[in-house]
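A short worksheet on the structure shown next.
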Amino acid sequence: QVQLVESGGGLVQAGGSLRLSCAASGSSLRSNAINWNRQAPGKEREFIAGISSGGDSNYANSVKGRFTISRDNAKNTVYLQMNSLKAEDTAVYYCNSWVQGVLIWGQGTQVTVSS
């Protein structure tokens, strides 16, 4: 059974950086697109970045130019480098991927940006 585990969240000051990791276990996800999403308090979960199996990436306008998604297939891990963090980036960050017709989610990692 495929599992996704996020890590790397924490408390950071506005303007700072964090790198999140999404590690997959149970199966190689080298052929799968993987996405990062986030959910802020009182708001709906939203897509913020995705990377295809071939390494093509796309971003929500709210993070474009500040966040970078990448993948290391040898480590079965996708990363989200977050720079120039703002208070409005505070949220729980989740990765997900469609695996054999099932949308798999990780448990999330909390990112808190203090202003």
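Looking only at strands (runs of 3 or more DSSP E) that fall completely inside segment 27-115, which ones have 3 or more residues that are of a type outside the set (Asp, Glu) and open to solvent by less than 60 Å² (accessible area, probe 1.4 Å)? Please lay out each step first, then the result.
Numbers: elements: 34-39, 46-51, 57-59, 67-72, 77-82, 91-99, 102-105, 109-114.
Passing ranges, in order: 34-39, 46-51, 67-72, 77-82, 91-99, 109-114.
Which members of segment 11-26 meet the condition of being loosely packed, with under 13 Cβ neighbours inside 10 Å and either within 11 Å of the chain's Cα centre (by Cα) or assigned to a strand (DSSP E or B) (or both)? Those that are loosely packed, with under 13 Cβ neighbours inside 10 Å and either within 11 Å of the chain's Cα centre (by Cα) or assigned to a strand (DSSP E or B) (or both): Leu11, Gln13, Ser25. Note on segment 39-74: residues that are out of contact with any Ser or Thr (no Cβ under 9 Å at 6 or more places or on another chain) and of a type outside the set (Phe, Trp, Tyr) total 15. Show the residue pairs meeting these rules: Cβ distance below 7 Å; 6+ apart or different chains; first residue within segment 6-30 and touching a residue at least 12 places away in the same chain (Cβ under 8 Å); second residue of a type in the set (Asp, Glu) and surrounded by 14 or more Cβ atoms within 10 Å (Cβ to Cβ). Going by the 7 Å Cβ cut-off, the qualifying pairs are Leu20/Glu6; Ser21/Glu6; Cys22/Glu6.
The values are calculated or read from the model by the stated rules, or taken from the named source; none is laboratory data. What you see is a predicted model; the values in this text were computed from it and never measured. Heads up, the Cβs are rebuilt from the backbone with ideal geometry, glycines too, and the neighbour counts pull from every protein chain shown. Side chains included, ligands, DNA and RNA excluded: accessible areas come from the protein's heavy atoms. Shrake-Rupley method; radii C 1.70, N 1.55, O 1.52, S 1.80 Å.
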